[in-house]
């Protein structure tokens, strides 16, 4: 499935401000980036780097005044997101080194506080994929998905207390529940074709049966059209932009995804 993605950001800058941007699609086995463009207005010097999680990032210093970023890409994604009912739980001692960091509590995913709750949600389920599927179903049924209601990331504990949130919030709670059962889980941020209302999207992946599987509690059925920008332990690792120093105003953020095949 070929998709054209676009993200446009506009800021008002009061003084020279360092930025780290994460807007370029991830290079991986499930998506092929055929073409991409990133424009800065006004043009400034920038450098690229790959962060700890393999995400493509851009460093720059934005000048005072109006500053805009335009990022677009043409990406071929997998036709379907795989499901794996019955995929087994992998004991911690047999996990690859790269998965170990996704077992630990993190800033927004306090997994050390959810073991009893996760055990109750997954009671009677075969360890592994089926446990994660039960968590996904529980989130969909019990936590209200309310797009546009949360400006700042909320932790899994906060989301569980509120019983509602945006895609990022449901993802944090799902990750915390999985990790509490010693199942590696990570946040994914990117685009989803036909998402309503259109915006950047967040979902999670769990490592069972020797590979990562996709889970999304905000959608009734897992469908194609996901474009990955980045992976991380929680929202702190996958912000589209981080600025340092004086606060800046983001005057506009627009996201578009269209099918081009």
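Numbers for the structure displayed
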read-out: Any hit, the stretch 167-175, residues being surrounded by 17 or more Cβ atoms within 10 Å (Cβ to Cβ) and assigned to a strand (DSSP E or B); value: no
read-out: Condition met for residue 255 (at pLDDT 95 or above and within 27 Å of residue 94 (Cβ to Cβ)); value: no
read-out: Test: residue in the stretch 125-135 that is touching a helix residue (DSSP H, G or I) at 6+ places or on another chain (Cβ under 9 Å), without any contact (Cβ under 8 Å) to a residue 12 or more places away in the chain and either within 28 Å of residue 30 (Cβ to Cβ) or buried (at least 22 other Cβ atoms within 10 Å of the Cβ) (or both); value: yes
read-out: The stretch 176-185, subset touching a strand residue (DSSP E or B) at 6+ places or on another chain (Cβ under 6 Å) and in a helix (DSSP H, G or I), residue farthest from residue 219 (Cα to Cα); value: 179
read-out: Single match in 132, 159, 188 (criterion: over 20 Å from residue 91 (Cβ atoms) and in a helix (DSSP H, G or I)); value: 159
read-out: Residue count, the stretch 201-242 (criterion: outside any strand (DSSP E or B) and either farther than 20 Å from residue 109 by Cα or more than 14 Å from the chain's Cα centre (by Cα) (or both)); value: 9
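The values are calculated or read from the model by the stated rules, or taken from the named source; none is laboratory data. This is a predicted model, so every value here is computed, not measured. Counting neighbours? That spans all protein chains shown, and the Cβs are built from the backbone with ideal geometry, glycine included.
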